[in-house]
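Worksheet: one structure, shown below.
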Amino acid sequence: MPAQFMTTKELAEHLNMSIPWVYREAARAGLTAYRFGTGRNAKIQFRVSEVQIWIDQQKVSLD
């Protein structure tokens with residue numbers, strides 16, 4: 001079964017963040033981007049399963 005990917009726009013919407021935030025901060029935050037293609041036609045996408053794991057790791061306790 002092929003891996004499921006989401007675009008930068010989809011990721012931004014999923015995280016309720018801006019697209020510029022995704023380009024600027026995703027790698028620093030620990031999200032791995034995958035580039036498909038080269039040059040101006042390259043598409044940056046994120047593996048859905050890795051995004052979900054990253055989201056789960058962001059949990060904080062409010063105790």
Any hit, segment 6-14, residues being open to solvent by less than 70 Å² (accessible area, probe 1.4 Å), touching a Leu at 6+ places or on another chain (Cβ under 6 Å) and assigned to a helix (DSSP H, G or I): no
Filter result for residue 34 (among the aromatic types (Phe, Trp, Tyr) and either touching a residue at least 24 places away in the same chain (Cβ under 8 Å) or in contact with a Gly (Cβ under 7 Å, 6 or more places away or on another chain) (or both)): yes
Residue match in segment 40-63 (condition: hydroxyl-bearing (Ser, Thr, Tyr), modelled with pLDDT of 90 or more and assigned to a loop (DSSP other than H, G, I, E, B)): no
Qualifying positions in segment 1-31 - among the polar types (S, T, N, Q) and in contact (Cβ under 8 Å) with a residue 24 or more places away in the chain: 4, 7, 8
Identity of the residue in segment 33-63, closer than 15 Å to residue 15 by Cβ and open to solvent by 70 Å² or more (accessible area, probe 1.4 Å), that ends up farthest from the chain's Cα centre (by Cα): 59
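The values are calculated or read from the model by the stated rules, or taken from the named source; none is laboratory data. Just so it is clear, the model here is predicted, and its values are computed rather than measured. Reconstructed Cβ throughout: ideal geometry from the backbone, glycine too, with neighbour counts over all protein chains shown. Just so you know, the surface numbers come from the protein's heavy atoms only, side chains and all, with ligands and any DNA or RNA stripped out. Shrake-Rupley method; radii C 1.70, N 1.55, O 1.52, S 1.80 Å.
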